[in-house]
Ligand code: NDP
């Protein structure tokens, strides 16, 4: 299984902006996170048949030499594709971005953007498990329905249909927002800043609305960070790979107990990778976007 993730866009930037991942190199095989089965190994810790997830080539067979950030799959009884999502990088992103960065408390008001996606659907469910009130935004009525009926969000709205995001957030959060899990940036961030509560936290996970712009939009309401004493903190999930095993056990437990559910958008065949990846930036994916290269 190959994973389609928004950060891959930054690997095609071709500009000089600092990035946490190296650019793709023309003529070389593209790489992405994936789930693989070992067919041959010259490494003593890996044998044919082992299942792993980590950085891999977008190809049917690939040679992996850098095993630094590869993990053996400890729960093959769960769907293997989950290791591109809920049990892999996006799952850990939701977990550390919510618990370690936002530091939720029971009863707090939580808002999640891109809420039906790979990361967002999990943040919402973790917030409910933590006893928070959670509202999500998404870009279609179908996704909004999923948030309310499948993922247990208390409320949700289609941001594309709202004329005035500030008014929408005031309607959803009459008492304001304690935690904003930021996936999109742009106009949404500006509206959220106006609605944050005193000592609120913004966990800055991603800014997908900005990734295809030649120049990022400015943020107008930054002054709210001072007046409301907001803590706004970005994070990169790979800094937290040391927590992966603890996370994997906890999340596998939630999945088995039915406390967390996960929706995937599965594209068939390696040739569908480019279309599936581009679809992320048009909101075509419903849930975690991944590509099946070969089934077991
Ligand atoms: P998703 O599965 O949520 O897919 C992307 C979604 O973003 C789309 O489905 C679409 O949903 C929404 N979107 C696309 N374009 C726009 C736009 N212009 N304005 C608003 N929304 C848009 O992706 P992930 O869950 O994998 O990633 C979510 C965010 O988390 C991204 O910003 C990503 O970069 C970030 N991330 C950060 C990590 C870190 O380490 N900091 C690690 C992993 C992810 P809709 O239809 O609702 O608009």
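The values are calculated or read from the model by the stated rules, or taken from the named source; none is laboratory data. Owing to the predicted nature of the structure, the values given are computational and were not obtained by experimental measurement. Positions of Cβ are backbone-derived with ideal geometry, glycine not excepted, and every protein chain shown enters the neighbour counts.
Every residue, every condition in (1) outside any loop (DSSP other than H, G, I, E, B); (2) away from the ligand (no atom under 14 Å from the Cβ); (3) at pLDDT below 95; (4) in contact with a strand residue (DSSP E or B) (Cβ under 9 Å, 6 or more places away or on another chain), yes or no:
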{"position": "10", "(1), (2), (3), (4)": "yes, no, yes, no"}
{"position": "21", "(1), (2), (3), (4)": "no, no, yes, no"}
{"position": "25", "(1), (2), (3), (4)": "no, yes, yes, no"}
{"position": "33", "(1), (2), (3), (4)": "yes, no, no, yes"}
{"position": "36", "(1), (2), (3), (4)": "yes, yes, no, yes"}
{"position": "40", "(1), (2), (3), (4)": "no, yes, no, no"}
{"position": "43", "(1), (2), (3), (4)": "no, yes, yes, no"}
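Suppose we keep only residues that are more than 15 Å from residue 3 (Cβ to Cβ) and in contact (Cβ under 8 Å) with a residue 24 or more places away in the chain within the stretch 270-289. Which one would you say is farthest from the ligand (Cβ to nearest atom)?
My answer is 286.
Across the stretch 124-136, what is the total count of residues that are in contact with a helix residue (DSSP H, G or I) (Cβ under 7 Å, 6 or more places away or on another chain) and assigned to a strand (DSSP E or B)?
Selection size over the stretch 124-136: 3.
So which residues in the stretch 170-191 are under 18 Å from residue 127 (Cα atoms) and in a helix (DSSP H, G or I)?
The one that is under 18 Å from residue 127 (Cα atoms) and in a helix (DSSP H, G or I): 172.
May I ask you to say which residue of 253, 242 is more than 16 Å from the ligand (Cβ to nearest atom), out of contact with any helix residue (DSSP H, G or I) (no Cβ under 9 Å at 6 or more places or on another chain), assigned to a helix (DSSP H, G or I) and over 20 Å from residue 7 (Cα atoms)? Please lay out each step first, then the result.
Numbers: 242 fails: more than 16 Å from the ligand (Cβ to nearest atom).
Going through 253, 242 in turn, the sole match is 253.
Give the residue that is farthest from residue 232 (Cα to Cα), with candidates limited to residues of the stretch 185-212 that are over 18 Å from the mean Cα position of the chain (by Cα), within 15 Å of the ligand (Cβ to nearest atom) and without any contact (Cβ under 8 Å) to a residue 40 or more places away in the chain.
My answer is 187.
Name the residue, out of 39, 29, 21, that is surrounded by fewer than 17 Cβ atoms within 10 Å (Cβ to Cβ), free of Cβ contacts under 8 Å to residues at least 60 places away in the same chain and within 18 Å of the chain's Cα centre (by Cα).
Working: 39 fails: within 18 Å of the chain's Cα centre (by Cα); 29 fails: within 18 Å of the chain's Cα centre (by Cα).
Residue meeting the stated conditions: 21.
Considering only the stretch 98-123, state which residues are under 19 Å from residue 252 (Cβ atoms) and part of a helix (DSSP H, G or I).
Step one: filter the stretch 98-123 for residues under 19 Å from residue 252 (Cβ atoms), giving 98-99, 118-119, 121-123.
Across the stretch 98-123, the qualifying residues are 98, 99, 121, 122, 123.
Only residues that are at pLDDT below 95 and more than 15 Å from the ligand (Cβ to nearest atom): list them for the stretch 216-234, please.
Within the stretch 216-234, 218 is the sole residue that qualifies.
Is it true that some residue in the stretch 137-160 is over 29 Å from residue 238 (Cβ atoms), without any contact (Cβ under 8 Å) to a residue 24 or more places away in the chain, within 12 Å of the ligand (Cβ to nearest atom) and outside any helix (DSSP H, G or I)?
The answer is yes, given that some residue of the stretch 137-160 is over 29 Å from residue 238 (Cβ atoms), without any contact (Cβ under 8 Å) to a residue 24 or more places away in the chain, within 12 Å of the ligand (Cβ to nearest atom) and outside any helix (DSSP H, G or I).
Go over the candidates 263, 237, 292 one by one and state the one that is away from the ligand (no atom under 16 Å from the Cβ), within 30 Å of residue 60 (Cβ to Cβ) and in contact (Cβ under 8 Å) with a residue 12 or more places away in the chain.
On the way: 263 fails: away from the ligand (no atom under 16 Å from the Cβ); 237 fails: away from the ligand (no atom under 16 Å from the Cβ).
It is 292.
Residue 130 passes all but one of (1) buried (at least 24 other Cβ atoms within 10 Å of the Cβ); (2) out of contact with any strand residue (DSSP E or B) (no Cβ under 7 Å at 6 or more places or on another chain); which number fails?
(1)
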